[in-house]
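Engineer: Below you'll find the structure I mean.
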Amino acid sequence: MTPAPDQHVPARITVLSGGVGGARFLQGVLRLLDRTGASTEVTVIANTGDDIWLHGLKVCPDLDTVMYTLGNGIDTERGWGRTGETWHAKEELAAYGVEPTWFGLGDRDLATHLVRTQMLDAGYPLSAVTEALCRRWQPGVRLLPMSDDRIETHIAIDDPDTGERKAVHFQEYWIRHQASVPAYSVVPIGAEKSSPAPGVLEAIRDTDLIILPPSNPVVSVGTILSVPGIRENLRATSAPVIGVSGIVGSDHVRGMARQLLGIIGVEVSAAGVAEHYGARSASGLLDGWLVDTVDAGLVPRIEAAGIPARAVPLMMTDHDATADMVAEVIALAGS
Ligand code: FO1
């Protein structure tokens, strides 16, 4: 749907985002602002539970993926890391037998982790570090970590070699094990003691629209919601909260949502995820939910849960297609 030029685009939009899927969705938000000429202020609250300390460096995959993608530094093939990347440092570390060898540490990406770690060591909070890094990348949005406190998502799995039950960092589950080992629980370590980063609660209370993009509802949006205060403020804000399903048919479009939803006992469907987030009128979060056209048959079930729903094309095939999705989010919020 290409909006009429005068379609009302809210003055302030806040998006809770994970990595690859959220960044791609945000490209659609910015494309819609281009198309309509709206001077909307976009704030992104990004998941930091994927963060990992490697070789003494702090790596923030979701912050960096949003920053690089909107700053045009992303490798569009992989969806993460830098374009024109080389892997010499990674090869040299492997030659020394230094673990982990499974993590794709790029030479250009390394500079971001060096700058970030130096600033953290100098006492700057992650939110200030992110603001400094964004001065180079100019992503066109205000990028906030969900918290300045250390939070790392760990997954309980059966070790494929020994069969023993153990907890591994999310990155090891996702990259080393390709999310293909039996998994039993997802724990955002440190979340319960954390607090929202500066600006996060204001971005939820003082805004005109909040979007839950098709990021992973468990380890991306779910981890953001695990930071004390965020869920409560989403339920209390006057801004409509509209979600976009990352599940089309019976599977995720990309990533590992199918596996993780199974762990927490949520049906892997656009309706299952909507019911998982819940209707705001029923102590949940959603004022509306977009499903893909293939899931149009689920709309009555979702509406029966108290969540207004619409079936529209949800494949982010290019920026304009994604911008059309964003226009549908705005239309649903306005209805
Ligand atoms: N994803 C992979 O599948 N393999 C990798 O080696 C890998 C390295 C990597 C390095 C930096 C970074 O910012 C992201 C990286 N990712 C990699 C993606 C990352 O695991 C995911 O984007 C998020 O953590 C989940 O959304």
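The values are calculated or read from the model by the stated rules, or taken from the named source; none is laboratory data. Because the structure is a prediction, the values reported are computed rather than measured. No Cβ is skipped: glycine too gets one built from the backbone with ideal geometry, and neighbour counts run over all protein chains shown. Ligands, DNA and RNA are excluded from the accessible area calculation, which covers all protein heavy atoms including side chains. Shrake-Rupley method; radii C 1.70, N 1.55, O 1.52, S 1.80 Å.
Engineer: For segment 149-162, which residues satisfy the criterion of being open to solvent by less than 30 Å² (accessible area, probe 1.4 Å) and closer than 11 Å to Ile189 by Cα?
Structural biologist: Those that are open to solvent by less than 30 Å² (accessible area, probe 1.4 Å) and closer than 11 Å to Ile189 by Cα: Ile151, Glu152, Thr153, Ile155.
Engineer: Scan segment 41-92 for residues that are more than 10 Å from the ligand (Cβ to nearest atom), open to solvent by 50 Å² or more (accessible area, probe 1.4 Å) and not in a loop (DSSP other than H, G, I, E, B) and report the count.
Structural biologist: 5
Engineer: Tally time: how many residues in segment 270-327 are under 25 Å from Leu32 (Cα atoms) and of a type in the set (Lys, Arg)?
Structural biologist: Going through segment 270-327 one residue at a time, the tally reaches 1.
Engineer: Residues of segment 21-40 being open to solvent by less than 20 Å² (accessible area, probe 1.4 Å) and within 12 Å of the chain's Cα centre (by Cα), which ones?
Structural biologist: Gly22, Ala23, Phe25, Leu26
Engineer: Among the helices (runs of 4 or more DSSP H) lying completely within segment 191-285, list those that include at least 1 residues that are aromatic (Phe, Trp, Tyr) and at pLDDT 95 or above. Walk me through it before giving the result.
Structural biologist: Details: elements: 200-205, 221-225, 230-236, 257-263, 270-277.
Because the criterion is at least 1 residues that are aromatic (Phe, Trp, Tyr) and at pLDDT 95 or above, the helices (runs of 4 or more DSSP H) in segment 191-285 that meet it are 270-277.
Engineer: Please go through segment 83-97 and pick out each residue that is touching a Ser or Thr at 6+ places or on another chain (Cβ under 8 Å) and under 29 Å from Gly22 (Cβ atoms). Give the steps one after another, and end with the answer.
Structural biologist: Looking only at segment 83-97, we keep the residues that are touching a Ser or Thr at 6+ places or on another chain (Cβ under 8 Å), and these are 83, 90, 93-94.
Passing the criteria: Thr83, Lys90.
Engineer: Which one of these does Glu328 not meet: (1) assigned to a loop (DSSP other than H, G, I, E, B); (2) touching a residue at least 60 places away in the same chain (Cβ under 8 Å); (3) acidic (Asp, Glu)?
Structural biologist: It fails just one condition, (1).
Engineer: Which residue out of Arg165, Arg116, Arg108, Arg176 is more than 13 Å from the ligand (Cβ to nearest atom) and either buried (at least 20 other Cβ atoms within 10 Å of the Cβ) or not aliphatic (A, V, I, L, M) (or both)? If you could, list the steps in order and put the result at the bottom.
Structural biologist: On the way: Arg116 fails: more than 13 Å from the ligand (Cβ to nearest atom); Arg108 fails: more than 13 Å from the ligand (Cβ to nearest atom); Arg176 fails: more than 13 Å from the ligand (Cβ to nearest atom).
Step by step, each of Arg165, Arg116, Arg108, Arg176 is checked, and only Arg165 is more than 13 Å from the ligand (Cβ to nearest atom) and either buried (at least 20 other Cβ atoms within 10 Å of the Cβ) or not aliphatic (A, V, I, L, M) (or both).
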